[in-house]
Amino acid sequence: MERPGPSEVTGSDASGPDPQLAVTMGFTGFGKKARTFDLEAMFEQTRRTAVERSRKTLEAREKEEEMNREKELRRQNEDIEPTSSGSNVVRDCSKSSSRDTSSSESEESSGSSDDELIGPPLPLKMMKEPGNHIEEDIVGPLPPPLYEDAEDDDDDDDDGDSEEEENPVQKIPDSHEITLKHGTKTVSALGLDPSGARLVTGGYDYDVKFWDFAGMDASFKAFRSLQPCECHQIKSLQYSNTGDMILVVSGSSQAKVIDRDGFEVMECIKGDQYIVDMANTKGHTAMLHTGSWHPKIKGEFMTCSNDATVRTWEVENPRKQRSVFKPRTVQGKKVIPTTCTYSRDGNLIAAACQDGSIQIWDRNLTVHPKFHYKQAHDPGTDTSCVTFSYDGNVLASRGGDDTLKLWDIRQFNKPLFSASGLPTMFPMTDCCFSPDDKLVVTGTSVQRGCGSGKLVFFERRTFQRVYEIDITDASVVRCLWHPKLNQIMVGTGNGLAKVYYDPNKSQRGAKLCVVKTQRKAKQAETLTQDYIITPHALPMFREPRQRSTRKQLEKDRLDPLKSHKPEPPVAGPGRGGRVGTHGGTLSSYIVKNIALDKTDDSNPREAILRHAKAAEDNPYWVSPAYSKTQPKTMFAQVESDDEETKNEPEWKKRKI
């Protein structure tokens, strides 16, 4: 069978669609051409209809105006005397003729202009103004005539706002404060989750406390307290970028990660302290200083330690670090990093060391630092904090030499600004940037009883000391300015955590718990007797229902037996015929344990022989052992003293 050629196929297609194909596919319409649409013709038709509609509306308005004018003229004619009717007729005719000519001219002009105008008609006031010229290409309604004046008013408002923005001190939220009692020792760590709902504090008393702003009332009590690192001081606490985990850095060599409720997620492994090269160990081998989460990557964090290393970790792999950075001096010797942090984009790692240097690495290159400034602070002093600005170009460092310095990452050869006279006595004194990047904040330390600790604000552009807040009569250790809440958290040396806020400038946070009244302590209500509930028992067997435990307690108070106060234990040697507990003295111990023993065993021989018959009838201990060798017991004969002297030899009897 031969295959048809191309001409035959086209001929069959031209003859018409196959009817079997429509039956097979389930729908018809094969072989029909698709309908084409001319968009230009459609737009032209739409424009013409719009022009016709606008013309009709204009004509209708003009007719209404003419009718109103005619009515007014008729009223005026009725009021005028009939003598002047002839002249009025002439004037009316002239007016009507003039109106006819003007209306015809206006129709011609409107027709010429409406050919290009699309949209609703213009207001009469704008059509009468000579300065308003209708543009031919305008589509839609024109702006109102007062648009320019509104723009001028907006410009004036913007100028006022810019003047307010120029003074960053007005944005400091310090009008109100609340105090959270952590303990009696220094609050050395503060952490606030990204949403600002929970605050976590840690201190020298080994405790970590959780504070929920939405769940607290005016009593300001923590809802959870725990010791995640046993007997190690808490050095640093920080929430992850997702807010579901907390990095806990203590005085031990192993950092921990806990969840929002305080349960342990992972613990870093401890390295081998006998290996010389710290890069070959799997973890830190000495005390930790601080830690920080990666701002972008979930589950990655960093720690620095006394073993002269900075290590990055992953939560999924606690058995080994991700990478190791080893700070070095100019001579190539080991140097201990005292603090470390990530840049805002997470690409750089900055660390301050005990030799006074600040070293910055690329996160993916661990060999040589990208930036290295040798004498950023005095050698031998512990730089307590380094932090990046929100724009990522400026680095602030809080030195142990009582200074605060700003550095430009793009020109890392000298500090931009330096401020001195800021005493610090803690290795974790903080510094931070304001949310708008215009202020730098740090705290000062004081000796006990020698003044009050302050929170000092510096303007970033000029680095002038523009504002300060007296916190308390102790050192200011930690400070944190949350960008979403616009509230400042401060940790002090006397165990307090303070929150500063402004009701107008701040959001949520402390504002949620201040408005809640303190709950009254409920009186302890206990059942004096067990109450058995039997709902289906007969009435005669059903126990009376206790309606209130308070009434039952009042009845028990009247009962002399139930309300009798138990006698407290006697402390000391004893009094009133009562012996002291556990013998305050030797004599009381003897009296309590020996002299007061009432058991009557005055004759020990009789007490033993009392059990002789029972032992003979039922031997248990000694007799069964000698049952074969000595069936009948034989006791040794004890001689008296006279018999012994008789049997002695003569030489012993002689006296010397």
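The values are calculated or read from the model by the stated rules, or taken from the named source; none is laboratory data. Everything quoted here is computed from the prediction, not taken from an experiment. Please note: Cβ atoms are built from the backbone with ideal geometry, for glycine as well, and neighbour counts cover all protein chains shown. Remember, those area values only see protein heavy atoms, side chains included, never the ligands or the DNA or RNA. Shrake-Rupley method; radii C 1.70, N 1.55, O 1.52, S 1.80 Å.
Tabulated data for the structure shown
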quantity	calculated
Residue among 221, 270 that is open to solvent by 20 Å² or more (accessible area, probe 1.4 Å) and within 30 Å of residue 515 (Cβ to Cβ)	221
Strands (runs of 3 or more DSSP E) enclosed by the stretch 400-503 - at least 3 residues per element that are of a type in the set (Gly, Ala, Ser)	none
Meets criteria (assigned to a loop (DSSP other than H, G, I, E, B) and under 27 Å from residue 474 (Cα atoms)) for residue 392	no
Index of the failed condition, residue 380 passing every other in (1) among the small types (Gly, Ala, Ser); (2) under 22 Å from residue 235 (Cβ atoms); (3) modelled with pLDDT of 90 or more	(3)
Filter result (under 14 Å from residue 442 (Cβ atoms) and open to solvent by less than 20 Å² (accessible area, probe 1.4 Å)) within the stretch 396-410	396, 397, 398, 399, 403, 404, 406
Residues satisfying the stated conditions in the stretch 177-234, i.e. assigned to a loop (DSSP other than H, G, I, E, B) and aromatic (Phe, Trp, Tyr)	204, 206, 213, 220, 223
Every residue from the stretch 427-458 that is within 25 Å of residue 288 (Cα to Cα) and open to solvent by 40 Å² or more (accessible area, probe 1.4 Å)	427
Residue within the stretch 249-261 that is surrounded by fewer than 18 Cβ atoms within 10 Å (Cβ to Cβ), of a type in the set (Gly, Ala, Ser), touching a Phe, Trp or Tyr at 6+ places or on another chain (Cβ under 8 Å) and at pLDDT 90 or above present	no
Test set (1) touching a residue at least 24 places away in the same chain (Cβ under 8 Å); (2) open to solvent by 50 Å² or more (accessible area, probe 1.4 Å); (3) not in a loop (DSSP other than H, G, I, E, B) - residue 372 fails condition number	(1)
Conditions (1) out of contact with any Lys or Arg (no Cβ under 9 Å at 6 or more places or on another chain); (2) surrounded by 15 or more Cβ atoms within 10 Å (Cβ to Cβ); number of the one not met by residue 343	(1)
Sole exception among (1) of a type in the set (Lys, Arg); (2) open to solvent by 50 Å² or more (accessible area, probe 1.4 Å); (3) under 27 Å from the mean Cα position of the chain (by Cα); (4) within 18 Å of residue 394 (Cβ to Cβ) for residue 461, by number	(3)
Positions within the stretch 332-345 being part of a strand (DSSP E or B) and over 29 Å from the mean Cα position of the chain (by Cα), in sequence order	334
Boolean, residue 320 is under 24 Å from the mean Cα position of the chain (by Cα), among the basic types (Lys, Arg) and open to solvent by 10 Å² or more (accessible area, probe 1.4 Å)	no
Whichever residue in the stretch 378-389 is part of a loop (DSSP other than H, G, I, E, B) and in contact with a strand residue (DSSP E or B) (Cβ under 7 Å, 6 or more places away or on another chain) and, among such residues, is most open to solvent (accessible area, probe 1.4 Å)	382
Residue 391 being touching a residue at least 24 places away in the same chain (Cβ under 8 Å) and charged (D, E, K, R)	yes
Residue check for residue 279: surrounded by fewer than 24 Cβ atoms within 10 Å (Cβ to Cβ), within 20 Å of residue 359 (Cα to Cα) and out of contact with any His (no Cβ under 8 Å at 6 or more places or on another chain)	yes
Selected residue (criterion: farthest from residue 319 (Cα to Cα)) from residues of the stretch 271-284 that are of a type outside the set (A, V, I, L, M, F, W, C) and in contact with a Ser or Thr (Cβ under 6 Å, 6 or more places away or on another chain)	273
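Results for (1) over 30 Å from residue 458 (Cβ atoms); (2) in contact with a Gly (Cβ under 7 Å, 6 or more places away or on another chain); (3) at pLDDT 90 or above, shown as yes or no for each residue.
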position: 150; (1), (2), (3): yes, no, no
position: 159; (1), (2), (3): no, no, no
position: 163; (1), (2), (3): no, no, no
position: 177; (1), (2), (3): no, no, yes
position: 187; (1), (2), (3): no, yes, yes
position: 191; (1), (2), (3): no, no, yes
position: 206; (1), (2), (3): yes, no, yes
position: 233; (1), (2), (3): no, yes, yes
